[in-house]
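Written out below as C-alpha cells is the structure these notes cover.
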Amino acid sequence: MTGRQPAEHRSAPAAIIGDDEVHSTERVEVIDPYRGDVVGTVECADADAVSAAVSAAAVAARAWADTAVAERAATLRRTAALIEDPQRGLAATVTREMGMPTMLAAATQQVMPATVLRAMADAAGTFEWEKPIDGATLRHVPVGVVAAITPWNMPVHQIVAKISAAFAAGCAVVLKPSELTPFDALDVRRCFVDAGLPPGLFAVVNGAGAQTGSLLTSHPGLGHVSFTGSVDAGRAVARSAAGNLVRATLELGGKSPAVVLPDADLAAVIPRVVASGLVNSGQACNATTRLVLPRRHQDEIERLLVDAASASVLGDPADPSTTMGPLASRLQTDRVLDHIEKARADGGHLLTGTGHARRIGPSDGFIEPTIITELGPAARAVREEIFGPVLVTQFYDTVDEAVEIANDCDYGLSAEVWSADTDAARDVAAALEVGQIKINGVRTRERPSVPFGGMKLSGYGRELGATGLAEFTEIQAVMA
C-alpha cells in the first residue's frame, strides 16, 4: 500500500513577477524518477523576464525595508504554518519531482522548513540591528534584491534557508529553482503570498542554470547572490557576481567524514553513521560519505557495515516503508555508477552493493547502498563528491591519524565525531577543517539557528540563524 495519488500534470511559467506570469515557448519536461512519467513542463525565462523580475523586486524592496521587523517576523511565522500543512502537499510534490521518500520529504521539506522559518523569525526579533561603537551607531540595513539559486536535492529546505533570511533582513528575492524541481518552488511562493507577503517581493524565474541562472547572477540590480550547487557552477556564479561587485554566499557540497573514535559503542554508532551517509539516497551535501574508522576494530566494523547497509528499504518513494528511493534522474544514476566503476579500477573492493543499477517497479534508477573499502587517499571515490548512496572506508591507527585523514580533503562542509567521551569528541572536532561538526548524532534539522556553510571548496558564507540573516545586510556607520 502506498500513498500515491493520481498523477497531476503541472506547468510552470517562465517567470512569476508580482501577480503576473511570463510565458515562453522554450520548455523542459520534469520526469518522475520512479514512475518515469512526465510530472509537468517548466518554461525557461529569457533576459527580458529576468530583468523584469529584478526591477520589480527592487521596487517592492523599498517598502519592505521600511516594514517593522515584528511584521516581517510575523509573516515568516504565518508562512511556516502553511508550509507544514499536509494539505498543501509539499512532501508529495518533492517525491514526484525527485524521488525522495515521502516520509523523509515530510520531515525535511515540510517540518524542517517550517522550523527554519520560525527560528529565523526569532532571530529577527533578537538581532542587533543597531549598536553603538566609539561614538557611532552601526546599523544593519538590507542589501536590496537577493538572487537565490537552489538545487534539486533538498529543494524546499534550500529555498527556505535562503529566502527566510532575506525576507527577515528586509530584502526582496528573485528565486531560480532547479529546473528538475520547479513545482515545489511555486508552492512555496504561494505559501508566502497566502501568508501576507507582498507578491512583488518574491519573484520566480525558471530555467537551466547555465542560461537563466547566468542571466540572473550577472544582473547589475542585485545586492547579493546566494547559491547552492557544484564547485564548478559556484566558481561561475562567483565570477558573475564579482563583475558587478556583488557579494555571494556559496554552498558547494562536501565529502564529509564521520570520525568514529575507538571508544565508541560500535554496534550503536555504525548503523547511525551509515544512515547519515545514505540519507536521501546519498543525495545530500552533508552526507557522511567518508567513514574514518579505528583499524583495531576493522573486522567487527565491516560486519556491522554490511548489516547496516542491508537494513535499507529500497522501493516506491511514496510507500511509507521506503527508506531509499531511486536517484533523482537517469543522468545522476549514470554518474554514480561511473564513480563506482572508477573506484573499482582504483583498487576498491565493494563491501556492499553490486555496481549496477537495479530495477524496482517501473524504475531502473536504484543503486543499492554501496560501501567501498581498500582505497588509497588519492582515489577519486575518496576525494570527489559522488552524490549517491556510496560510502568509502578509511581506517586509522591513532586519533591524530584520524584527524589527518579527515582533513585530507578538498571540501570542508560538515563532519561527525562519535565517542563515548564527549570531551574527547570536542577535542577532535576542534581540529577538523569544516564549517559544522555534529557530535554523537546531533542532526542539522534539530538546530535551525546554528549557521551552516563550509570552508575550502565547500564555499563561503553561512545560512541559518542570525549569522545567515546578517549575510543579507550591509553595515552602515552613522557618526555624530
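Computed from the mean reciprocal separation of all distinct C-alpha pairs, what Kirkwood hydrodynamic radius does segment 109-244 have, in Å? If you can, show how the numbers build up before the last one.
Numbers: mean 1/r = 0.0636 Å⁻¹.
About 15.7 Å for segment 109-244.
Sticking to Cα atoms, compute the Rg of segment 1-147 to one decimal and its Dmax as the biggest Cα-Cα distance, whole number, in Å.
Looking at segment 1-147, its Cα Rg and Dmax stand at 19.8, 68 Å.
Between segment 159-211 and segment 68-109, what is the separation of their alpha carbon centroids in Å?
13 Å
Can you tell me the Rg and the Dmax, both Å, for the Cα atoms in the chain?
In Å, with Rg to one decimal and Dmax whole: 22.3, 71.
Excluding ligands and nucleic acids, what accessible area in Å² is computed for LEU375 using a 1.4 Å probe, to the nearest 10?
Rounded to the nearest 10, the figure is 20 Å².
Give a residue-ordered list of calculated ³J(HN,Hα) values for segment 375-384 (Karplus: 6.51 cos²θ - 1.76 cosθ + 1.60, θ = phi - 60°; whole Hz; x for Gly, Pro).
Computed from phi, the couplings for segment 375-384 are 9, x, x, 8, 4, 4, 5, 7, 9, 9 Hz.
For the chain, what is the charge dipole size about the Cα centre, in debye to the nearest 20, if Lys and Arg each add +1 at the Cβ and Asp and Glu each add -1 at the Cβ? All intermediate terms of the calculation are to be shown ahead of the outcome.
Values: 41 positive and 58 negative charges, 115 e Å.
Roughly 560 debye, rounded to the nearest 20.
Divide, for segment 250-340, the radius of gyration over alpha carbons by 2.2 N^0.38 Å, where N is the residue count. Working shown, then result.
Working: Rg = 14.5 Å, N = 91, 2.2 N^0.38 = 12.2 Å.
Cα-based Rg divided by the globular estimate yields 1.19.
Kindly flag which residue pairs out of LYS176/LYS456; LYS176/LYS255; LYS131/LYS438; LYS131/LYS456; LYS162/LYS438; LYS162/LYS255 have an alpha-carbon separation exceeding 29 Å in this structure. The partial results should precede the final answer.
Details: LYS176/LYS456 25 Å; LYS176/LYS255 26 Å; LYS131/LYS438 32 Å; LYS131/LYS456 32 Å; LYS162/LYS438 22 Å; LYS162/LYS255 22 Å.
Too far apart for the 29 Å limit: LYS131/LYS438; LYS131/LYS456.
Residue by residue through segment 189-200, which ³J(HN,Hα) values in whole Hz follow from phi under the Karplus form 6.51 cos²θ - 1.76 cosθ + 1.60 (θ = phi - 60°), with glycine and proline marked x?
4, 4, 4, 4, 5, 5, 7, x, 5, x, x, x
Considering only the other residues whose Cβ falls under 13 Å of the Cβ of LEU331, what net charge follows from Lys and Arg at +1 and Asp and Glu at -1?
Values: positive: ARG330, ARG335; negative: GLU179, ASP334, ASP338.
My count for the surroundings of LEU331 gives -1.
Got a sec? Charge dipole of the chain, +1 on Cβ for Lys and Arg, -1 for Asp and Glu; which of ALA357, GLY170, GLY282 is way out at the positive end?
Checking the options against the dipole of the chain, the answer is GLY170.
Mind jotting down a quarter of the surface of the convex hull over the alpha carbons of segment 276-414, in square nanometres, one decimal?
8.2 nm²
For ASP334 and LEU245, compute 0.36 nm times the residue count separating them, minus their Cα-Cα distance, and round to one decimal in nm. Write down the numbers at each step before the final one.
Values: separation 89, 0.36 × 89 = 32.04 nm, distance 3.80 nm.
Working it through step by step, the gained length comes to 28.2 nm.
Which whole-Hz ³J(HN,Hα) couplings does segment 203-213 yield from phi under the Karplus relation 6.51 cos²θ - 1.76 cosθ + 1.60, θ = phi - 60°, glycine and proline marked x?
9, 10, 10, 9, x, 6, x, 5, 9, 4, x
Report the one residue of LEU327, LEU305, ALA402 whose Cα lies farthest in the direction of the positive end of the charge dipole of segment 257-446 (charges on C-beta: Lys and Arg +1, Asp and Glu -1; origin at the Cα centre).
LEU327
The values are calculated or read from the model by the stated rules, or taken from the named source; none is laboratory data. What you see is a predicted model; the values in this text were computed from it and never measured. Neighbour counts are summed over all protein chains in view; Cβ atoms, including those assigned to glycine, are modelled from backbone coordinates with ideal geometry. The protein model used for the area step is the full one, side chains on, heavy atoms only, and it has no ligands, DNA or RNA in it. Shrake-Rupley method; radii C 1.70, N 1.55, O 1.52, S 1.80 Å.
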